[in-house]
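Undergrad: I am attaching a structure below and will ask some questions about it afterwards.
Readers should treat all values here as calculations from the given coordinates under stated rules, not as data from a laboratory. Just so you know, these numbers come straight off a predicted model, no measurement behind them. Cβ coordinates were reconstructed from backbone atoms using ideal geometry, including for glycine residues, and neighbour counts include every protein chain displayed.
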Number of protein chains: 2
Amino acid sequence: MNYKELSAQQLFAEYERVSAEYNSYKAKGLKLDISRGKPSEEQLDASLGLLSKQRTVADCKSADGFDCRNYGIAFGMPEMKAIFSDITGIPADNIIVGGNSSLNMMYDSLARAMIFGVYGSPRPWCREERIKFLCPAPGYDRHFAVTETLGFELIPVKMNADGPDMDEVEALVKDPEVKGIWCVPKYSNPTGITYSDEVVRRLAKMETGAPDFRIMWDNAYIIHDLTGESDQLLDIFKEAEKYGNEDRIFYFTSTSKITFPGAGVAMMGASKNNLDQIKPLISIQTIGPDKLNQLRHVEFLKDKEGVLSHMKLHAELLGKRFDILLNALKSGLGGLGIAEWNEPKGGYFVSLDTLPGCAKRAYTLAKEAGVTLTTVGATFPYGKDPEDKNLRLAPSYPSCEELALASEILVCVIKLATLEKMLNK
Amino acid sequence: MNYKELSAQQLFAEYERVSAEYNSYKAKGLKLDISRGKPSEEQLDASLGLLSKQRTVADCKSADGFDCRNYGIAFGMPEMKAIFSDITGIPADNIIVGGNSSLNMMYDSLARAMIFGVYGSPRPWCREERIKFLCPAPGYDRHFAVTETLGFELIPVKMNADGPDMDEVEALVKDPEVKGIWCVPKYSNPTGITYSDEVVRRLAKMETGAPDFRIMWDNAYIIHDLTGESDQLLDIFKEAEKYGNEDRIFYFTSTSKITFPGAGVAMMGASKNNLDQIKPLISIQTIGPDKLNQLRHVEFLKDKEGVLSHMKLHAELLGKRFDILLNALKSGLGGLGIAEWNEPKGGYFVSLDTLPGCAKRAYTLAKEAGVTLTTVGATFPYGKDPEDKNLRLAPSYPSCEELALASEILVCVIKLATLEKMLNK
């Protein structure tokens, strides 16, 4: 039954049926939430070993005898750098370990750019007439919010199945006012896609008008596979080095979705030129991040193998939730011709496109039935979805039972919103 | 024996004697350090209870059931705010809890001022022609470094026994380019003095040329007494409120020297107007600080009584070290007329003034004998001690035995540097 092939009468009958179903959900007075990419309590429990040690004095020392309780080691314990280096392929010397938030490291990087410029800047960015930043959309709302807050002009770029539309990007970056681009290159938030080798190569190679252009490479889901297969992402540093463009890359990741979202460890990777500019500034900003938490992570995760084996627990817990949501979408919306969605191999989101003009209404209907969805438009610069069609679905946090119910209601409200539109209700 | 009353011959004999003593120290090949206000390992051990829990799922929740492992609570757990509120006298609603570094919160506050301005700013500070910042000196090198790095002009202000020279401050702040002042109001770094009620009142009341003047009130040693007596510091917020100047104050403290320097909890206190401007910006910068570490602190410190009782352990460990240093100074330099120093009731430092022009030489002599002192000039803006006479002495970190030896050598090098100067060596 494709809605577009139905007669007016058939559509109306379907509308009556779906409305009744909707009203029955509404009557239940539910309170469900699939709005946020937040790990579930079960996932957090998988990392409880991080907190299980009764620590003695000897347990507070790093491998080389440094007392992690005291001041010092501003840029990360060697052991913690080694784990990040193994996971990312970035040499340990090019890594700075931060506090618990990679978003904070991204914000700080751009705040430093505002006040001091970056390596190669003719002047601090706050002294520029205007700064533009490329925002492949749909994308991550918190990225866009950082650059919007800093006063940059956000330029939306079309997001394809293999990454940002590179023809568009290459044309836009000729403008010297365009100073950077946001990227979640693997299991992208929210579309779940991984950048193709071709896209990574073109990002590494492209000529930019600004001498101090930066790629904000937020590899948040670097090892966050849902299935046995893992998407492969090209090493952007190695590609960029081929063209002498390694200073272009600010690389970020964290253990927020490996261990604890609120108490993990974040890192930044950058070229020597960049680090030579950044490290003295960080040394002025702080005496250094929490090394005891790095020590806990080193003990718990051990090495890359340890991390990968730990990630299988997350894959299991997340995988069954993705299955519930995707099966509900397939059986409820499949063949109706009113929605398209991805089936990601990793990450935290399913991105669903309704027919144009139906997303906001579906959001409101869901809300009134007690299901919180991500605010429509949040995945676009300035919070404006030009076609009002994208819904970001986050199945990670609810219990499986809650998620099953939320998914049913989601299917119902998408159908109802579409029928209303088609019937000019 | 006052050196100034000795004949040339007597001075020369003393020089010969002290030189011989110095050479005997030098021959020992020592490696001692009294340069940094860093707690000793014994002090860190006093807080080991913070790390002694084998945590279960139930132990990860705040009093109101929030899971501290996950995202959320950007501005601090209510329980942690309550402890800081009890200690500082600031209402919990006016407190933001941060990560492990109050210096980081200070830097971020001024970096935000640069990019966005503060509440009441006509424009972002980076758009001002010039910014000047008052630096009572001797003072804390890391404060001065923050404002120097941000490109502000540092204006030294004389530090008296009751705080910054307020006649000087009141005259300087008429200049609208003067945007703020650094203060360590209690057990000041390095002079150990506490601001008098009169100084606090004048800071709270004074008229400033800049509409967005800020007092950076770093109350780092708020409850860090060394003796039974505690210096009393007037509540600057209450004073400022009397004159409608409460927006002038950015207040900071942390548990760095209560629990662990590298893994404590920091806070900022500010008026509602300031917080209304700051909180939305912090919400863009980060998803929030490590709440598990706040939870550990809440469990370990419990309440104000718990904190004060814990501080007695520090007072004992620090007190004996201050006694060793002060006794060595008294017996070695007392009556010679060549040095003056304070005897603080709290904090981490003894500040010693040599005769003008002797401090750098004493530093070099100490270094050559294996004793690291704080770099001379570090306590002044731009690292320049105009009279080359101030030495900041930090007795906290070494063992008592090491400290006793370092103190003897310190006495020796101060005598030797002075004698060299008097004899034009």
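Undergrad: Where the centroid of each part is defined by its Cα atoms, how far is the range A:1-26 from the range A:303-362 in Å?
TA: Cα centroid of the range A:1-26 versus Cα centroid of the range A:303-362: 25 Å apart.
Undergrad: What FRET efficiency comes out for B:Asp165 versus B:Glu387 if R0 is 22 angstrom and r is the Cβ-Cβ distance? Round to the nearest 0.05. If you can, show how the numbers build up before the last one.
TA: Working: r = 16 Å, r/R0 = 0.72.
The value I calculate is 0.90.
Undergrad: Taking each label point as 7 Å beyond Cα in the direction of the beta carbon, state the distances from A:Glu401 to the same residue in the other copies, shortest first, in nm.
TA: So the distances to the same position in the other copies read 6.5 nm.
Undergrad: Place a point 7 Å from the Cα of B:Thr227 along the Cα-to-Cβ direction; which residues of the range B:326-347 have their backbone N under 20 Å from it?
TA: What the label zone holds, given the 20 Å backbone N cut-off, is B:326-335, B:340-347.
Undergrad: With no solvent and one equal point scatterer per Cα, compute the Debye intensity ratio I(q)/I(0) for the range B:235-341 at 0.14, 0.16, 0.20 Å⁻¹ and report its log10, rounded to two decimals.
TA: -0.85, -0.95, -1.10
Undergrad: Take the alpha carbon atoms of the range A:192-273, find their radius of gyration, then divide it by 2.2 N^0.38 Å using N residues; give the quotient.
TA: Numbers: Rg = 14.1 Å, N = 82, 2.2 N^0.38 = 11.7 Å.
Relative to the rule-of-thumb radius for its length, the range A:192-273 sits at 1.21.
Undergrad: A further question on this structure: Calculate the dipole size of chain B relative to its Cα centre from +1 charges on Lys and Arg beta carbons and -1 charges on Asp and Glu beta carbons; express the result in debye to the nearest 20.
TA: My answer is approximately 820 debye.
Undergrad: Can I ask one more? Rounded to the nearest 500 deg cm²/dmol, what is the calculated helix-only ellipticity per residue at 222 nm for chain A, with -39500 (n - 2.57) per DSSP H run of length n ≥ 4?
TA: Result for chain A, helices only: -12500 deg cm²/dmol.
Undergrad: Right, here's the next one. When you have a sec, figure out the Kirkwood radius of the range B:4-83 from all distinct Cα pair distances and drop it here in Å to one decimal?
TA: Numbers: mean 1/r = 0.0518 Å⁻¹.
That comes to 19.3 Å for the range B:4-83.
Undergrad: While we're on this one: Compute, for the protein assembly as shown, the length of the dipole vector about the Cα centre, with Cβ point charges of +1 (Lys, Arg) and -1 (Asp, Glu) only. Units Debye, rounded to 20.
TA: In debye, rounded to 20, the protein assembly as shown gives about 60.
Undergrad: If you place +1 on the Cβ of every Lys and Arg and -1 on the Cβ of every Asp and Glu, how big does the dipole about the Cα centre of the range A:61-302 come out, in debye to the nearest 20?
TA: The dipole magnitude comes to about 680 debye.
Undergrad: A follow-up question, please. What is the range B:149-193 by shape, rounded, prolate or oblate, if you read a ≥ b ≥ c off the alpha carbon gyration tensor as root eigenvalues and call it rounded for a/c under 1.5, prolate for a/b larger than b/c, and oblate otherwise?
TA: Taking the square roots of the gyration eigenvalues as a ≥ b ≥ c, the range B:149-193 is oblate.
Undergrad: Which parts of the range B:89-104 would a label at B:Lys279 reach, counting a residue when its backbone N lies under 13 Å from a point 7 Å out along Cα-to-Cβ?
TA: Residues passing the 13 Å test: B:92-97.
Undergrad: Can you give me the distance in nm between label points at A:Thr56 and A:Asn327, each placed 7 Å from the Cα along the Cα-to-Cβ direction?
TA: 5.0
Undergrad: Provide the gained length on full extension for the span B:Glu41 to B:Gln9, in nm with one decimal, where the gain is 0.36 nm per separating residue minus the Cα-Cα distance.
TA: Here the segment from B:Glu41 to B:Gln9 would lengthen by 6.8 nm.
Undergrad: Separation of the range A:81-113 and the range B:199-271 by C-alpha centroid, Å?
TA: 33
Undergrad: Using the 7 Å Cα-to-Cβ label point, sort the distances from B:Glu16 to its equivalents in the other copies shortest first and give them in nm to one decimal.
TA: The answer, with the shortest distance listed first, is 12.2 nm.
Undergrad: Pull out a ≥ b ≥ c, the square roots of the eigenvalues of the alpha-carbon gyration tensor of the range A:379-425, then state rounded if a/c is under 1.5, prolate if not and a/b is larger than b/c, and oblate in the remaining case.
TA: It comes out oblate by the Cα gyration axes.
Undergrad: Span-like helices, chain B: DSSP H, alpha-carbon axial extent 30 Å or more, mean Kyte-Doolittle 0.5 or greater, which ones? Provide the component values of the computation, followed by the final result.
TA: Details: long enough: B:304-333 (40 Å, 0.14); B:400-422 (33 Å, 1.10).
Span-like helices in chain B: B:400-422.
Undergrad: With only alpha-carbon pairs counted, each pair once and no self-pairs, how large is the Kirkwood hydrodynamic radius of the range A:61-302 in angstroms?
TA: So the Kirkwood estimate lands at 18.3 Å.
Undergrad: Report the one residue of B:Ser230, B:Asn70, B:Val199 whose Cα lies farthest in the direction of the positive end of the charge dipole of the range B:61-302 (charges on C-beta: Lys and Arg +1, Asp and Glu -1; origin at the Cα centre).
TA: B:Asn70
Undergrad: Between the range A:44-58 and the range B:380-401, how far is it from one alpha carbon centroid to the other, in angstrom?
TA: The range A:44-58 and the range B:380-401 have Cα centres spaced 40 Å from each other.
Undergrad: One decimal, nm, shortest first: give the distances between the label point of B:Ala171 and those of the same position in the other copies, each label point 7 Å from Cα along Cα→Cβ.
TA: Sorted ascending, the copy-to-copy spacings read 6.5 nm.
Undergrad: Taking the range B:57-107, how much of its Cα-Cα pair set, in percent, is spaced more than 13 angstrom apart?
TA: For the range B:57-107, the fraction of Cα-Cα distances above 13 Å is 63 percent.
Undergrad: Decide, for chain B, between rounded, prolate and oblate: order the square roots of the alpha carbon gyration tensor eigenvalues as a ≥ b ≥ c, take rounded if a/c falls under 1.5, and otherwise choose prolate if a/b is larger than b/c, else oblate.
TA: oblate
Undergrad: Based on the Cα coordinates of the protein assembly as shown, what is the per residue volume of their convex hull in Å³?
TA: On the way: hull volume 147.7 nm³, N = 850.
In the protein assembly as shown, the Cα convex hull volume per residue is 174 Å³.
Undergrad: Now, a different point. Tell me which cysteines of chain A come out unpaired when the rule is another cysteine's Cβ under 4.7 Å.
TA: So, A:Cys60, A:Cys68, A:Cys135, A:Cys183, A:Cys358, A:Cys400, A:Cys412.
Undergrad: Kirkwood Rh, Cα Rg: Rg to Rh for the range A:269-425?
TA: When Rh is taken as the Kirkwood radius, the ratio is 1.14.
Undergrad: Measuring from the axis that superposes chain A on chain B, report the chain A residue with the minimal C-beta distance, rounded to whole Å.
TA: A:Cys126, 2
Undergrad: Work out, step by step, the length gained on full extension between B:Asp64 and B:Lys28: first 0.36 nm times the residue separation, then minus their alpha carbon distance; give nm to one decimal.
TA: Residue separation times 0.36 nm, minus the Cα-Cα distance, leaves 7.0 nm.
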